[in-house]
Structure formats: structure tokens, C-alpha cells
Amino acid sequence: MKEQLQNNEWSLFSSIQTVAYYSPLGDYIMLNKVNETTLSEILNTDKLSFDNIKNISIINHEWQHWVDYTSTLWGMKKMVNMYNAYNAWLNGKESEFLHIKILFNEFKQDKYYYYYTQVKNKIYGNGKDVWKMGMTIGHRFNEDGQLNMKKPLLLVNFASSADIDIARVPVSIASMLECNAMFQELATKSLFIESLEENDKIIEILELDRYIYKWLYDPNMILYTVVTHLTANTLRINRPLMAIHIASIISNLVLNLPEKAIRQMKLPVTALLHGQAGVNMFSNRDKGYLFFLILENYAIEHPDKLDFVVDDLLKSSNLPNPMQLEEIILDEINSYTKTSAIDGPLNDLMMEKINTGKILLNIKGSVLNRQSSITTRDLLANKIDFPNFLCSDTYIDTEHLSINKIINNAKINGKIDYNEWYKIYEFCEPKFREFVEVCGV
């Protein structure tokens, strides 16, 4: 069981998050350096201290990944597709197995950036020796390995202050998700620093600044920092935490953009420079490109504005106000669930997850207009179950469980406990992988 718990293949951040990670397919947060006693203490305290700030910051980072997968329009649609895959396999109908391929194609799309990321020279920067950046257009490949000119992608090139190429990286969903999570981690640390005595506060502020610059100007992390660099560069922001915050707001908006809102979006004049590639990226609803368009619109409309206002962000792209936007989001996820979800033993569990997402969206807001994230108090107040945490000493007993009994129980009661869920996950995950491998052969 220990080896299975350490498997983070389905985490978007599996290459870097060794301390902790969120698994979308397993729907759990793995905390490799935190035991269950420590986790319980953390979840039941509101006090930040030198003793717990490191662990709380890590947990809040991964917690945000769970929030994004649970409560954004992008995440809720993926949740429907994930349960379709599970239901298809548990139904045993080969005609429904295409839903497994649909889900794994999405996983591949989320992860395509690994191939397109090229680190040419590992030149580290800092607050004084900053990087230069520019943008180009690349193209993806089809299933036969041929260039697909209808599926371009936006790439950002980085160079040192001495004009030495550092890296080329796509603007990806992964960067937006990591920006959101990193902002929550840094917001937690900032809140802790504010509670300190003046002498300690000065020391910790300097330490936090070093930590941020190390993250921003590490070539190994550039895949995950690109939207922050893009935001800081476009809006000429020289305060890194502010850039991360604004990039996180735009990321959350992009992850929540419904089709109706996208159709009425204003395109900046700079989009014309991308020609047919820009038209195709917009038609494909490429989220990296949508991020760029919204950022460009705001920069053009407010070139010298020092304070960032969410309403101005929405107006500059001709998007609905937050309240209207959330109504459209709910309509779209309701329609998507109604038309896309297939029947199966896990349908009630899926609907419970979708309803949780709607509640969290209402608390958080589609563009962080109310609060920046979800707290433990929010879950308790709304009687929502905590995310599934697996700690360094967690033991999951699945040996005695029967898949058939779990399925029958789910059909009758509409609920399963986490041991039963993990049994389904460890049963289906290798079957999914085997099926996807033979598709097209």
C-alpha cells in the first residue's frame, strides 16, 4: 500500500511536488511529510506559529489545487468526465469506454507542456538581475505525429539580462493552477508575518522576498511561473507578490469562463499580430491564449493605473459582472452535467461533488471578488466534507473490500466511504491505463 500512496502520476505537478501533491484521478491530497496527528492539529487551529507555518503553508497550497478542481467551471466539467470514465468501466459496457479516452486525452492536454518546455540554459535570476521575455507561436501534433496547424499554442521565451536564451515555455493550465496555489501559500505566510513583533517581522519579510524571487527566477520552475512573469511584464509590476495575486485572479477567471461569456469577449488589437494562429487559438478556447487576451485588454484600457480593480478587468474584455458571470457558469455546468454525464453506480457521488463545487463557487466567487480561497470554517459551516487527505502514516485497508459490493452499496445508498473509493481507484486506474494504451493500435 505504501508504494500506491506515493504514486502521483496523475498530479499535474508530479515532477516537483515531492513533499505533497493533489491527485485529480484519486481525488486526494497526499502529504508525505505530515502525519495524521499533525494534520488533525492543523485543521483544528486558527493560530499560525513558527511551529506550524511550514506545514500549514504546504497544506494550503495543495488545498487550493483541490479547490480549483472542485469549484471552477473547468474543474467541475473535468469532474463529470472523470466520473463518466469510472462509471463506464464499472458498467462494463465497451460502447461507453470512449469516456475513458476522453478523460485521458484531457489529462494529456493538461500535461502537453512537458514536451513543449525547453530549458536551454539554467541561468538563475533575482530581483536585481531580471529576465527578459518575448512571445512566439508553436503548433501541436496530431495522433499520427504530424504538425496540426489548427492547434497552435502560445509560447513565451525567456532570456537573461545578457540576452542568453534561458527557456521556451507554453502558457498552460498548469501554470494557472500553480499560480493560484502559490498565492495561497504566500498569503498564508504573509498573514503569519503580520502577526509578528516588529523585529521578527522585518527578518521574515526579507526571507519571504528571497523565497519568492528564488521561485520566480528558477529555470526549473519556469513552467509554473510563466503567467506571473507575463502579468508582471505586461502590467509593469515590480512587486512580485502583487503580480502573483493579479495573475491568480486572472487564472481563476479563465478557469471559470463559460462559453457564453467567451463569445462576447473583446479581442485586443495585439491579437491581430497572431493572424490565423490567433484565430485558431481563440476558436479552440485555448486557456493560455484566453489568459493573454484578458491581460492585454486590461493593459490597453488601463496603461497607467496603479491599483487593480476586478470590475475594470471584466469591463476591459467586455465580460459580464461577477454576479452575472456566476449565473452563466451555473447554467453551463447544469447543462453540461445533464447532457454529458452517463448513468452509472457513482452518479449520486458525482452529483454530490458537483453540488459541493457550486457551493464553493458561491463562497469564493468566479473572479475572487469575495474571498481568495476556501477555509475549513467554510466547509464546516456548509456541512461539506473535508478533502481526502493521505498522510505519511495513513493506512488504507482495501484487501477485504469487494468491488461488486461497493457498486451495489453505491447504487442503493448513493454514498461510499473513502476506503471504498480508494478501492475503486486502485482497481480502475490500471485498467484505464491499459485501455488507453491499446486505443488506435
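Bear in mind these aren't lab numbers, they're just calculated from the coordinates by the rules spelled out. Model, not experiment: these values are computed from the prediction. All Cβ positions, even for glycine, are placed from backbone atoms using ideal geometry, and neighbour counts span all protein chains on display.
Sort C391, C179 so the one with the fewest other Cβ atoms within 10 Å of its own Cβ comes first.
Details: C391 20, C179 28.
By the 10 Å Cβ count, ascending, the order reads C391, C179.
For region 61-160, rounded, prolate or oblate, judged on the Cα gyration tensor with a ≥ b ≥ c (square roots of eigenvalues), a/c < 1.5 rounded, else prolate if a/b > b/c? Can you show the working numbers first?
Values: a/c = 3.32, a/b = 1.71, b/c = 1.94.
Note, shape of region 61-160 comes out oblate.
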*On full extension of the chain, what length is gained from D348 through A162, given 0.36 nm per residue of separation minus the C-alpha to C-alpha distance?*
61.2 nm
*Tail fraction, Cα-Cα pairs, region 183-287, threshold 17 Å, whole percent*: 65
*Would you work out the charge dipole size for region 297-441 about its Cα centre, treating the Cβ of every Lys and Arg as +1 and the Cβ of every Asp and Glu as -1, and quote it to the nearest 20 debye?*
320
*Provide Rg and Dmax in Å for region 308-441, with only Cα atoms included in the calculation.*
19.4, 58
*Could you go through region 201-216 in sequence order and give the Karplus-derived ³J(HN,Hα) for each residue, using 6.51 cos²θ - 1.76 cosθ + 1.60 with θ = phi - 60°, rounded to whole Hz, and x for Gly and Pro?*
4, 4, 5, 6, 5, 4, 5, 5, 4, 4, 4, 5, 5, 5, 5, 5
*Subtract the Cα-Cα distance of I412 and K150 from 0.36 nm times their separation in residues, and report this length gain in nm to one decimal.*
89.7 nm
*Which value, in nm² and rounded to one decimal, describes the direction-averaged projected area of the C-alpha convex hull of the chain?*
22.1
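Once you order the gyration tensor axes a ≥ b ≥ c over the Cα atoms, which shape class does region 160-224 get: rounded for a/c under 1.5, otherwise prolate or oblate by comparing a/b with b/c?
Details: a/c = 5.25, a/b = 1.71, b/c = 3.06.
Note, shape of region 160-224 comes out oblate.
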*Give me M281, M133, M242 ranked fewest to most by other Cβ atoms within 10 Å of their Cβ, as a rough exposure proxy.*
M242, M133, M281
*Rg(Cα) of region 126-176 divided by 2.2 N^0.38 Å?*
1.44
_At 1.567 mPa s and 4 °C, Stokes D of region 363-441 from Kirkwood alpha-carbon radius, µm² per second_ = 81
*Using unit Cβ charges (K, R positive; D, E negative) and no other charged atoms, how large, in debye to the nearest 20, is the dipole of the chain about its Cα centre?*
1120
*Whats the longest run of the chain with zero GluC sites (Glu not before Pro) that are DSSP loop and have at most 12 other Cβ atoms within 10 Å?*
198-398
*Counting only C-alpha contacts under 8 Å and six or more residues apart, can you give the relative contact order of region 267-368 as a whole percent?*
23
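Evaluate the charge dipole of region 33-182 about its Cα centre and quote only its size in Debye, nearest 20, assuming +1 on the Cβ of each Lys and Arg and -1 on the Cβ of each Asp and Glu. Let's see the in-between values first.
Details: 17 positive and 16 negative charges, 101 e Å.
Charge dipole of region 33-182: 480 debye, to the nearest 20.
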*Length added when fully stretched, K214-Q264, from 0.36 nm per residue minus Cα-Cα*: 14.1 nm
*If region 12-83 were replaced by its equivalent ellipsoid, with semi-axes equal to the square roots of 5 times the Cα gyration tensor eigenvalues, what would those be, largest first, whole Å?*
25, 13, 10
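First select every other residue whose beta carbon is under 11 angstrom from the beta carbon of M76; then total the charges, Lys and Arg +1, Asp and Glu -1.
Values: positive: K77, K78, K353, K358; negative: D68, E332.
Counting the neighbours of M76, the net charge comes to +2.
Relative to 2.2 N^0.38 Å, what does the C-alpha radius of gyration of region 98-215 come to as a ratio? Two decimals please. Walk me through the numbers on the way to the answer.
Numbers: Rg = 19.2 Å, N = 118, 2.2 N^0.38 = 13.5 Å.
Ratio of Rg to 2.2 N^0.38 Å for region 98-215: 1.43.
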*Highest to lowest packing among 80-87, 162-169, scored as the average C-beta count within 10 Å*: 80-87, 162-169
*Pick out, from I202, S49, M221, the residue whose Cα sits farthest towards the positive end of the charge dipole of the chain, with +1 on the Cβ of Lys and Arg and -1 on the Cβ of Asp and Glu.*
M221
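Which net charge results for the neighbourhood of K338, defined as the other residues with beta-carbon distances under 13 angstrom from its beta-carbon, given Lys and Arg at +1 and Asp and Glu at -1? It would help to have the intermediate numbers written out before the result.
Numbers: positive: K77; negative: D331, E332, D343.
The answer is -2.
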*So who's got an amide H within less than 5 Å of the one on N388, skipping anything under 5 residues away but keeping other chains? H placed 1.01 Å off N, in plane.*
I29
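Order by neighbour count: Y336, Y21, fewest other Cβ atoms within 10 Å first, most last. Provide the component values of the computation, followed by the final result.
Numbers: Y336 18, Y21 22.
Neighbour counts put them in this order, fewest first: Y336, Y21.
If you wrap a convex hull around the C-alpha atoms of region 202-346 and split its volume per residue, what is the figure in Å³? Please report the intermediate quantities before stating the final value.
Working: hull volume 25.8 nm³, N = 145.
Given the Cα convex hull of region 202-346, per-residue volume reads 178 Å³.
Only sites in a loop by DSSP and with at most 15 other Cβ atoms within 10 Å count here; which trypsin sites (Lys or Arg not before Pro) in region 23-70 make the cut?
Passing both the DSSP loop test and the Cβ count: K33, K47.
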*Search the structure for amide H atoms under 5 Å from the amide H of M135, placed 1.01 Å from N in the peptide plane, and list their residues when 5 or more places away or on another chain.*
N157
_Through the Karplus equation 6.51 cos²θ - 1.76 cosθ + 1.60, θ set to phi - 60°, convert the phi angles of region 411-426 into ³J(HN,Hα) values in whole Hz; use x for Gly and Pro._
5, 7, 9, x, 9, 9, 7, 5, 4, 5, 4, 5, 4, 5, 4, 6
*asked:* Skipping prolines and chain starts, which residues have an amide H placed within reach, meaning under 5 Å, of the one on N148, given they are 5 or more residues away or on another chain?
replied: R140, F141, N142
*Can you check what the net charge comes to around E62, using other residues whose Cβ is under 13 Å from the Cβ of E62 (Lys, Arg +1; Asp, Glu -1)?*
-3
